[in-house]
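Down below is the structure, laid out as C-alpha coordinates.
The values are calculated or read from the model by the stated rules, or taken from the named source; none is laboratory data. Values in this document were obtained by computation on a predicted structure and should not be read as measured data. Here Cβ is always computed from backbone atoms with ideal geometry, including for glycine, and neighbour counts include all displayed protein chains.
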Amino acid sequence: MIAIEEVSKRYADGTVAVDRLSLQIPNHSITVLVGPSGCGKTTTLRMINRMVEPSSGTIRVNGEDILRRPVNALRRSMGYVIQNAGLFQHRTILDNIATVPRLLGWSKQRARARAAELMERVGLDPGMARRYPYQLSGGQQQRVGVARALASDPPILLMDEPFSAVDPVVRRGLQEELLRIQSELGKAIVFVTHDMDEAITIGDRIAVMRTGGKLAQFAAPDEILSSPADPFVEEFLGADRGIRGLSFLSTRELELDRSQVFPVDSDWKRIAGRDEASSSVLVTDAGGKPLGWADLATWSGDVEALEPYGQSFEVGRDSLRVALDRAVLAPNGQAVAVDGAGQVLGVAGQETIAAAIRLARQRRAADAPQDASKLKAAP
(Lines give C-alpha, C1' and ligand atoms only; values in the text may rest on other atoms or scores of the structure.)
Protein backbone atom coordinates (compact mmCIF):
# COMPACT_ATOMS: atom_id res chain seq x y z
CA MET A 1 0.00 0.00 0.00
CA ILE A 2 2.69 2.54 1.01
CA ALA A 3 6.30 2.24 -0.15
CA ILE A 4 8.84 4.64 1.37
CA GLU A 5 12.04 4.42 -0.68
CA GLU A 6 15.29 6.05 0.47
CA VAL A 7 13.40 9.10 1.75
CA SER A 8 15.22 11.94 3.52
CA LYS A 9 14.17 15.28 4.94
CA ARG A 10 16.81 17.98 5.35
CA TYR A 11 16.05 21.52 6.45
CA ALA A 12 17.79 24.70 5.34
CA ASP A 13 19.82 24.94 8.56
CA GLY A 14 21.34 21.51 7.89
CA THR A 15 19.14 19.55 10.30
CA VAL A 16 18.41 16.02 9.07
CA ALA A 17 15.01 14.92 10.37
CA VAL A 18 14.79 11.70 8.34
CA ASP A 19 17.79 9.97 6.79
CA ARG A 20 17.35 7.58 3.81
CA LEU A 21 14.37 5.79 5.29
CA SER A 22 12.93 2.78 3.47
CA LEU A 23 9.75 1.03 4.63
CA GLN A 24 7.10 -1.15 3.06
CA ILE A 25 3.81 -0.49 4.85
CA PRO A 26 1.22 -3.16 3.98
CA ASN A 27 -2.51 -2.85 3.64
CA HIS A 28 -4.95 -4.21 6.25
CA SER A 29 -2.44 -3.69 9.07
CA ILE A 30 -1.29 -1.22 11.70
CA THR A 31 2.31 -0.07 11.30
CA VAL A 32 3.63 1.86 14.30
CA LEU A 33 6.48 4.37 14.13
CA VAL A 34 8.09 4.59 17.56
CA GLY A 35 11.21 6.19 18.98
CA PRO A 36 12.55 9.03 21.13
CA SER A 37 11.84 12.70 20.51
CA GLY A 38 13.62 13.98 17.43
CA CYS A 39 13.79 10.62 15.65
CA GLY A 40 11.68 11.79 12.70
CA LYS A 41 8.56 9.69 13.22
CA THR A 42 6.07 12.59 12.90
CA THR A 43 8.03 14.03 9.98
CA THR A 44 7.79 10.65 8.25
CA LEU A 45 4.03 10.54 8.82
CA ARG A 46 3.56 14.05 7.45
CA MET A 47 5.62 13.29 4.35
CA ILE A 48 3.12 10.56 3.45
CA ASN A 49 0.37 13.16 2.96
CA ARG A 50 2.79 15.92 1.93
CA MET A 51 2.25 18.17 4.91
CA VAL A 52 6.04 18.00 4.80
CA GLU A 53 7.73 17.62 1.42
CA PRO A 54 10.58 15.09 1.25
CA SER A 55 14.00 16.40 0.28
CA SER A 56 14.88 13.22 -1.61
CA GLY A 57 13.61 9.72 -2.22
CA THR A 58 10.17 8.50 -3.27
CA ILE A 59 6.93 7.68 -1.50
CA ARG A 60 4.45 5.58 -3.46
CA VAL A 61 0.85 4.72 -2.65
CA ASN A 62 -0.44 1.76 -4.64
CA GLY A 63 2.57 2.16 -6.90
CA GLU A 64 1.93 5.83 -7.68
CA ASP A 65 4.43 8.54 -6.69
CA ILE A 66 2.58 10.87 -4.32
CA LEU A 67 4.28 13.90 -5.93
CA ARG A 68 2.30 13.20 -9.09
CA ARG A 69 -1.02 13.74 -7.31
CA PRO A 70 -2.56 17.13 -6.47
CA VAL A 71 -1.80 17.68 -2.80
CA ASN A 72 -5.42 18.38 -1.78
CA ALA A 73 -6.67 15.25 -3.51
CA LEU A 74 -3.90 13.24 -1.83
CA ARG A 75 -4.78 14.51 1.63
CA ARG A 76 -8.50 13.90 1.16
CA SER A 77 -7.73 10.30 0.24
CA MET A 78 -6.16 9.74 3.67
CA GLY A 79 -7.66 10.03 7.14
CA TYR A 80 -5.57 12.07 9.58
CA VAL A 81 -5.89 12.04 13.38
CA ILE A 82 -3.77 14.18 15.68
CA GLN A 83 -3.31 14.67 19.41
CA ASN A 84 -6.26 16.53 21.02
CA ALA A 85 -8.32 15.66 17.91
CA GLY A 86 -7.97 19.12 16.29
CA LEU A 87 -11.73 19.60 16.03
CA PHE A 88 -13.51 22.73 14.80
CA GLN A 89 -14.86 24.31 17.98
CA HIS A 90 -17.63 26.23 16.20
CA ARG A 91 -19.10 23.13 14.57
CA THR A 92 -21.26 20.44 16.08
CA ILE A 93 -19.91 16.92 16.50
CA LEU A 94 -21.99 15.72 13.55
CA ASP A 95 -20.67 18.47 11.27
CA ASN A 96 -17.09 17.95 12.45
CA ILE A 97 -17.28 14.31 11.35
CA ALA A 98 -18.94 15.30 8.06
CA THR A 99 -16.17 17.77 7.15
CA VAL A 100 -14.26 15.75 4.53
CA PRO A 101 -17.34 14.25 2.80
CA ARG A 102 -18.68 17.80 2.39
CA LEU A 103 -15.35 18.89 0.90
CA LEU A 104 -15.64 15.98 -1.52
CA GLY A 105 -19.02 17.25 -2.71
CA TRP A 106 -21.37 15.01 -0.74
CA SER A 107 -24.80 16.47 0.02
CA LYS A 108 -25.35 17.67 3.58
CA GLN A 109 -27.92 14.93 4.16
CA ARG A 110 -25.62 12.15 2.94
CA ALA A 111 -22.60 13.50 4.85
CA ARG A 112 -24.56 13.77 8.10
CA ALA A 113 -26.00 10.28 7.65
CA ARG A 114 -22.45 8.97 7.27
CA ALA A 115 -21.37 10.95 10.35
CA ALA A 116 -24.20 9.47 12.42
CA GLU A 117 -23.22 5.96 11.29
CA LEU A 118 -19.61 6.58 12.33
CA MET A 119 -20.59 7.94 15.73
CA GLU A 120 -22.09 4.57 16.48
CA ARG A 121 -19.06 2.75 15.08
CA VAL A 122 -16.61 4.58 17.37
CA GLY A 123 -18.82 4.22 20.44
CA LEU A 124 -20.33 7.71 20.72
CA ASP A 125 -23.87 8.23 21.96
CA PRO A 126 -26.12 9.59 19.17
CA GLY A 127 -27.30 12.22 21.66
CA MET A 128 -23.91 13.93 21.33
CA ALA A 129 -24.46 14.76 17.64
CA ARG A 130 -25.63 18.32 18.32
CA ARG A 131 -23.06 19.07 20.99
CA TYR A 132 -19.84 21.03 20.47
CA PRO A 133 -16.30 19.75 21.12
CA TYR A 134 -15.88 21.70 24.39
CA GLN A 135 -18.88 19.81 25.80
CA LEU A 136 -17.12 16.44 25.40
CA SER A 137 -14.38 14.76 27.43
CA GLY A 138 -10.90 14.31 26.00
CA GLY A 139 -11.53 10.66 25.19
CA GLN A 140 -14.82 11.47 23.47
CA GLN A 141 -13.13 14.16 21.39
CA GLN A 142 -10.51 11.65 20.25
CA ARG A 143 -13.29 9.30 19.16
CA VAL A 144 -14.76 12.16 17.12
CA GLY A 145 -11.33 12.68 15.56
CA VAL A 146 -11.15 9.02 14.54
CA ALA A 147 -14.70 9.15 13.16
CA ARG A 148 -13.87 12.27 11.14
CA ALA A 149 -10.79 10.59 9.68
CA LEU A 150 -12.91 7.60 8.61
CA ALA A 151 -15.79 9.64 7.21
CA SER A 152 -14.90 9.37 3.51
CA ASP A 153 -13.81 5.72 3.94
CA PRO A 154 -10.13 6.36 3.05
CA PRO A 155 -7.89 3.32 2.51
CA ILE A 156 -5.14 4.94 4.59
CA LEU A 157 -5.35 6.32 8.13
CA LEU A 158 -2.50 8.43 9.55
CA MET A 159 -2.49 8.84 13.34
CA ASP A 160 -0.02 11.17 15.10
CA GLU A 161 0.08 10.35 18.84
CA PRO A 162 -3.72 10.53 18.95
CA PHE A 163 -4.17 9.05 22.43
CA SER A 164 -1.23 10.57 24.31
CA ALA A 165 -3.20 13.44 25.89
CA VAL A 166 -5.76 11.26 27.70
CA ASP A 167 -5.50 9.33 30.96
CA PRO A 168 -4.34 5.68 30.96
CA VAL A 169 -7.82 4.16 31.40
CA VAL A 170 -9.32 6.18 28.54
CA ARG A 171 -6.23 5.50 26.45
CA ARG A 172 -6.62 1.75 26.85
CA GLY A 173 -10.26 2.02 25.83
CA LEU A 174 -9.35 4.02 22.73
CA GLN A 175 -6.70 1.47 21.78
CA GLU A 176 -9.23 -1.36 22.07
CA GLU A 177 -11.73 0.63 20.01
CA LEU A 178 -9.13 1.22 17.30
CA LEU A 179 -8.33 -2.50 17.15
CA ARG A 180 -12.04 -3.33 16.93
CA ILE A 181 -12.58 -0.84 14.12
CA GLN A 182 -9.52 -2.11 12.29
CA SER A 183 -10.75 -5.70 12.51
CA GLU A 184 -13.94 -4.57 10.75
CA LEU A 185 -12.49 -2.15 8.18
CA GLY A 186 -8.94 -3.39 7.50
CA LYS A 187 -7.30 -0.02 6.74
CA ALA A 188 -3.61 0.66 6.19
CA ILE A 189 -2.89 2.53 9.43
CA VAL A 190 0.35 4.36 10.18
CA PHE A 191 0.44 5.23 13.88
CA VAL A 192 3.03 7.43 15.61
CA THR A 193 3.77 7.07 19.32
CA HIS A 194 6.66 7.41 21.75
CA ASP A 195 5.15 4.75 24.02
CA MET A 196 6.54 1.25 23.39
CA ASP A 197 3.70 -0.38 25.34
CA GLU A 198 1.18 1.28 23.03
CA ALA A 199 3.18 0.18 19.99
CA ILE A 200 3.20 -3.43 21.21
CA THR A 201 -0.52 -3.33 22.02
CA ILE A 202 -1.79 -2.12 18.66
CA GLY A 203 0.99 -2.72 16.12
CA ASP A 204 1.14 -5.51 13.56
CA ARG A 205 4.63 -4.25 12.72
CA ILE A 206 6.80 -1.71 14.51
CA ALA A 207 9.43 0.59 13.05
CA VAL A 208 11.86 1.64 15.80
CA MET A 209 13.61 4.86 14.81
CA ARG A 210 16.69 6.42 16.35
CA THR A 211 17.62 10.11 16.66
CA GLY A 212 18.51 11.53 13.28
CA GLY A 213 15.70 9.77 11.45
CA LYS A 214 17.41 6.43 10.90
CA LEU A 215 15.57 3.12 11.02
CA ALA A 216 16.88 0.86 13.78
CA GLN A 217 14.54 -2.13 13.36
CA PHE A 218 11.34 -2.98 11.51
CA ALA A 219 9.60 -6.17 12.59
CA ALA A 220 6.60 -7.70 14.34
CA PRO A 221 6.29 -6.75 18.05
CA ASP A 222 7.18 -10.21 19.40
CA GLU A 223 10.29 -10.36 17.19
CA ILE A 224 11.48 -6.96 18.40
CA LEU A 225 10.96 -7.98 22.02
CA SER A 226 12.70 -11.35 21.66
CA SER A 227 15.48 -10.26 19.27
CA PRO A 228 16.27 -6.53 19.43
CA ALA A 229 18.50 -5.53 16.53
CA ASP A 230 21.11 -3.63 18.54
CA PRO A 231 21.83 -2.07 21.97
CA PHE A 232 19.82 1.05 21.10
CA VAL A 233 16.63 -0.96 20.48
CA GLU A 234 17.29 -3.08 23.57
CA GLU A 235 17.70 0.01 25.75
CA PHE A 236 14.61 1.66 24.26
CA LEU A 237 12.54 -1.43 25.06
CA GLY A 238 13.50 -1.18 28.72
CA ALA A 239 14.45 -3.69 31.39
CA ASP A 240 11.06 -5.45 31.38
CA ARG A 241 11.00 -6.56 27.74
CA GLY A 242 10.92 -10.20 28.86
CA ILE A 243 7.65 -9.56 30.71
CA ARG A 244 6.26 -7.64 27.74
CA GLY A 245 7.09 -10.60 25.52
CA LEU A 246 4.63 -12.73 27.48
CA SER A 247 1.86 -10.72 25.79
CA PHE A 248 2.35 -12.94 22.73
CA LEU A 249 2.11 -16.27 24.57
CA SER A 250 -1.40 -17.72 24.75
CA THR A 251 -3.13 -19.15 27.81
CA ARG A 252 -5.00 -21.62 25.61
CA GLU A 253 -2.90 -24.63 26.71
CA LEU A 254 -2.33 -23.56 30.31
CA GLU A 255 -2.94 -26.46 32.71
CA LEU A 256 -5.70 -25.48 35.13
CA ASP A 257 -6.57 -26.95 38.50
CA ARG A 258 -10.28 -27.66 38.76
CA SER A 259 -10.06 -29.60 42.03
CA GLN A 260 -10.29 -26.40 44.12
CA VAL A 261 -13.46 -25.09 42.47
CA PHE A 262 -16.95 -25.75 43.94
CA PRO A 263 -20.40 -24.20 43.52
CA VAL A 264 -21.89 -22.38 46.48
CA ASP A 265 -24.59 -25.01 46.98
CA SER A 266 -22.09 -27.86 47.44
CA ASP A 267 -22.11 -30.30 50.37
CA TRP A 268 -19.38 -28.49 52.29
CA LYS A 269 -19.16 -30.99 55.14
CA ARG A 270 -18.46 -33.80 52.69
CA ILE A 271 -15.88 -31.70 50.83
CA ALA A 272 -14.13 -30.68 54.06
CA GLY A 273 -13.96 -34.31 55.13
CA ARG A 274 -12.12 -35.54 52.06
CA ASP A 275 -8.49 -36.48 52.63
CA GLU A 276 -7.39 -34.86 49.40
CA ALA A 277 -9.40 -31.69 49.93
CA SER A 278 -7.54 -28.40 49.95
CA SER A 279 -8.28 -26.18 52.92
CA SER A 280 -8.78 -23.28 50.51
CA VAL A 281 -11.38 -23.54 47.74
CA LEU A 282 -12.85 -21.19 45.14
CA VAL A 283 -16.59 -20.78 45.53
CA THR A 284 -18.72 -20.05 42.46
CA ASP A 285 -22.34 -19.02 42.12
CA ALA A 286 -25.01 -21.26 40.58
CA GLY A 287 -23.98 -20.04 37.11
CA GLY A 288 -20.33 -20.97 37.61
CA LYS A 289 -19.01 -17.45 38.07
CA PRO A 290 -16.44 -16.81 40.84
CA LEU A 291 -17.55 -15.46 44.21
CA GLY A 292 -14.39 -15.76 46.32
CA TRP A 293 -12.09 -18.03 48.28
CA ALA A 294 -13.19 -19.95 51.37
CA ASP A 295 -11.10 -21.57 54.11
CA LEU A 296 -13.01 -24.79 54.81
CA ALA A 297 -11.76 -24.86 58.39
CA THR A 298 -13.46 -21.59 59.28
CA TRP A 299 -16.01 -20.74 56.58
CA SER A 300 -19.62 -20.80 57.79
CA GLY A 301 -21.27 -20.59 54.38
CA ASP A 302 -21.68 -16.82 54.46
CA VAL A 303 -20.89 -15.55 50.95
CA GLU A 304 -20.15 -12.10 52.35
CA ALA A 305 -17.27 -13.59 54.34
CA LEU A 306 -15.47 -15.02 51.32
CA GLU A 307 -11.96 -13.76 50.59
CA PRO A 308 -11.63 -11.80 47.31
CA TYR A 309 -10.21 -13.66 44.32
CA GLY A 310 -8.75 -10.59 42.61
CA GLN A 311 -9.24 -10.35 38.85
CA SER A 312 -9.80 -13.28 36.52
CA PHE A 313 -8.30 -13.91 33.07
CA GLU A 314 -10.04 -15.32 30.01
CA VAL A 315 -8.44 -18.47 28.63
CA GLY A 316 -7.44 -18.09 24.99
CA ARG A 317 -8.20 -14.38 24.85
CA ASP A 318 -5.77 -13.16 27.51
CA SER A 319 -2.03 -13.81 27.36
CA LEU A 320 0.28 -15.48 29.83
CA ARG A 321 1.40 -11.98 30.81
CA VAL A 322 -2.14 -11.23 31.99
CA ALA A 323 -2.40 -14.60 33.77
CA LEU A 324 0.88 -14.03 35.59
CA ASP A 325 -0.18 -10.53 36.58
CA ARG A 326 -3.47 -11.88 37.96
CA ALA A 327 -1.63 -14.53 39.99
CA VAL A 328 0.90 -12.04 41.39
CA LEU A 329 -1.88 -9.68 42.48
CA ALA A 330 -4.23 -12.36 43.82
CA PRO A 331 -4.34 -12.49 47.64
CA ASN A 332 -3.44 -16.21 47.67
CA GLY A 333 -1.28 -16.30 44.51
CA GLN A 334 -3.92 -18.22 42.51
CA ALA A 335 -5.22 -16.70 39.27
CA VAL A 336 -8.82 -17.53 38.37
CA ALA A 337 -9.33 -18.67 34.75
CA VAL A 338 -12.71 -18.12 33.09
CA ASP A 339 -14.28 -18.66 29.68
CA GLY A 340 -15.88 -16.01 27.49
CA ALA A 341 -19.05 -16.10 29.57
CA GLY A 342 -17.15 -15.52 32.81
CA GLN A 343 -17.60 -19.07 34.10
CA VAL A 344 -14.69 -20.57 36.04
CA LEU A 345 -12.56 -23.11 34.16
CA GLY A 346 -10.02 -23.57 36.96
CA VAL A 347 -7.19 -21.82 38.77
CA ALA A 348 -3.47 -21.49 38.13
CA GLY A 349 -0.69 -20.56 40.51
CA GLN A 350 2.53 -18.73 39.70
CA GLU A 351 4.55 -21.94 39.38
CA THR A 352 2.06 -23.42 36.92
CA ILE A 353 2.12 -20.25 34.83
CA ALA A 354 5.94 -20.17 34.93
CA ALA A 355 6.01 -23.75 33.64
CA ALA A 356 3.64 -22.78 30.82
CA ILE A 357 5.90 -19.85 29.91
CA ARG A 358 8.95 -22.13 29.69
CA LEU A 359 7.06 -24.64 27.54
CA ALA A 360 5.72 -21.94 25.20
CA ARG A 361 9.20 -20.49 24.71
CA GLN A 362 10.66 -23.92 24.01
CA ARG A 363 8.01 -24.55 21.38
CA ARG A 364 8.60 -21.15 19.81
CA ALA A 365 12.35 -21.77 19.68
CA ALA A 366 11.74 -25.17 18.07
CA ASP A 367 9.41 -23.64 15.48
CA ALA A 368 11.79 -20.81 14.56
CA PRO A 369 14.14 -22.91 12.34
CA GLN A 370 11.12 -24.35 10.49
CA ASP A 371 9.74 -20.87 9.84
CA ALA A 372 13.13 -19.75 8.55
CA SER A 373 13.36 -22.72 6.18
CA LYS A 374 9.89 -21.94 4.81
CA LEU A 375 10.97 -18.38 4.05
CA LYS A 376 14.06 -19.62 2.24
CA ALA A 377 11.97 -22.03 0.18
CA ALA A 378 9.43 -19.38 -0.80
CA PRO A 379 9.70 -18.16 -4.40
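Quick notes on this one:
- Selection within the stretch 157-171 - touching a Phe, Trp or Tyr at 6+ places or on another chain (Cβ under 9 Å) and either free of Cβ contacts under 8 Å to residues at least 60 places away in the same chain or not acidic (Asp, Glu) (or both): LEU157, LEU158, MET159, PRO162, VAL170, ARG171
- The set of residues in the stretch 297-314 being hydrophobic (A, V, I, L, M, F, W, C) and at pLDDT 95 or above consists of PHE313 alone.
- In the stretch 219-252, the residue that is surrounded by the fewest Cβ atoms within 10 Å (Cβ to Cβ) out of those that are in contact (Cβ under 8 Å) with a residue 60 or more places away in the chain and among the aromatic types (Phe, Trp, Tyr) is PHE248.
- Among (1) part of a loop (DSSP other than H, G, I, E, B); (2) under 22 Å from HIS194 (Cβ atoms), the one test that ARG91 misses: (2)
- Only listed residue being in the same structural domain as GLY40 (by TED's automatic domain parsing) and more than 22 Å from MET1 (Cβ to Cβ), chosen from LEU225, LEU215: LEU225
- Residue match in the stretch 120-136 (condition: basic (Lys, Arg), assigned by TED's automatic domain parsing to the domain that holds LEU178, at pLDDT 90 or above and not in a loop (DSSP other than H, G, I, E, B)): no
- Residues in the stretch 222-278 that are farther than 30 Å from VAL32 by Cβ, of a type in the set (Phe, Trp, Tyr) and modelled with pLDDT of 90 or more: PHE262 alone.
- Annotation note: of ARG68, ARG20, ARG60, the sole residue that is at pLDDT 90 or above, basic (Lys, Arg) and exposed (fewer than 14 other Cβ atoms within 10 Å of the Cβ) is ARG68.
- The lone exception for GLY212 - which of (1) in contact with a strand residue (DSSP E or B) (Cβ under 8 Å, 6 or more places away or on another chain); (2) at pLDDT 90 or above it fails: (2)
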